[in-house]
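In what follows, a structure is listed as structure tokens, so that the remarks can point back to it.
The values are calculated or read from the model by the stated rules, or taken from the named source; none is laboratory data. Keep in mind that what you see is a predicted model, and the values were worked out from it rather than measured. With ideal geometry, Cβ positions are generated from the backbone for all residues, glycine too; neighbour counts draw on all protein chains shown.
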Amino acid sequence: MAMAVQNGYPAVRGEIGYHQLADWWLQAFDDQERAQIEQAYQPFQIQTGDRHPLTHLAIQDSSEKADQFLFNLATWLADSRDRALAYRILTKALALSDVQGDILETHRHYRMLVQFYAQQPSLTGAMLEAALQTAEQMVAIAPQVADSLQAASPERPLPAHEGYKQLVRLRAQQGNDRAVVRLCRSAKAQGWQGNWDEMVSQYRDSGLMDFFAPASDAPEPAIKTTIDPETGFLVATDDTDNKINDKD
């Protein structure tokens, strides 16, 4: 029996097809990249021979939503040569996440993407802007996450917050001392673990805190981003909505 064809390709089944991600899968990756992802994704509990669970097997049911599946898929692409592929998968996963849904699940998704950026040897240009935006988004929902965690386990202190840690680190590297102090105070006020007082003291002792402190805690300017149709990367845009030339 001839295999069904979709957009000039064999019909996509498996977990990609089950989660209705076939169009994205075919458009976001070329033949070599798709093969690279399928080679990396090898769930130990599945013995499939040449029938790959991503695109070949008939999947009848799954306990994961599409975004959860993609976040899991990205964890299989830990090799440095897979960085661009993992980034595209994580970006798609985050786009599918519902902030209005399970706030703790959304928090975990942001944390995974923040950790991805933190593991990169360097962040510049559009990749840096995307890392900043992701950390800002994770920090933005931090109060709701704190409320949910404390409601579930009121006797347990809040853990460290990867979004705050990453954003403090990036703002410090930029020399934005005002933002560092604001973020440390906010993280401490919400109850996230960390040496927030020590960090604020460093800036107070250096005199930089008074120099950079504004009359009020003004929010950081929003970062505009768009999906590059050629690469699938989340890239920063300037005020005229043109993509920044510096890409990673």
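A few points about this structure:
- Among residues of segment 99-139, those that are assigned to a helix (DSSP H, G or I) and hydroxyl-bearing (Ser, Thr, Tyr), counted: 4
- When the criteria are applied in full, GLY14 fails the requirement of being on the phi > 0 side of the Ramachandran plot and modelled with pLDDT under 80.
- Scanning segment 53-74 for residues that are closer than 17 Å to SER97 by Cβ and of a type in the set (Asp, Glu) gives GLU64, ASP67.
- The number of residues in segment 153-182 being among the charged types (D, E, K, R) and farther than 15 Å from GLN133 by Cα comes to 5.
- Of all residues in segment 19-40 being more than 16 Å from TYR87 (Cβ to Cβ) and of a type in the set (A, V, I, L, M), the one that is surrounded by the fewest Cβ atoms within 10 Å (Cβ to Cβ): ALA35
- In a residue-by-residue description of segment 42-50, the property of being at pLDDT 80 or above, of a type outside the set (Lys, Arg) and touching a helix residue (DSSP H, G or I) at 6+ places or on another chain (Cβ under 8 Å) applies to no position.
- Candidate set from segment 153-168 (those that are in contact (Cβ under 8 Å) with a residue 24 or more places away in the chain and either touching a Ser or Thr at 6+ places or on another chain (Cβ under 7 Å) or surrounded by fewer than 16 Cβ atoms within 10 Å (Cβ to Cβ) (or both)); member that is farthest from GLN119 (Cα to Cα): PRO157
- Leading residue by the ranking (farthest from the chain's Cα centre (by Cα)) among those in segment 60-108 that are surrounded by 19 or more Cβ atoms within 10 Å (Cβ to Cβ) and at pLDDT below 80: SER97
- So ALA135, is it touching a Leu at 6+ places or on another chain (Cβ under 6 Å), surrounded by 15 or more Cβ atoms within 10 Å (Cβ to Cβ) and more than 23 Å from LYS65 (Cβ to Cβ): yes
- Among the conditions (1) under 30 Å from GLN32 (Cα atoms); (2) crowded, with 21+ Cβ neighbours inside 10 Å; (3) not basic (Lys, Arg), the only one that THR124 does not satisfy is (2).
- Residues that are among the hydroxyl-bearing types (Ser, Thr, Tyr) and in contact (Cβ under 8 Å) with a residue 60 or more places away in the chain within segment 83-121 comprise TYR87, THR91, listed in sequence order.
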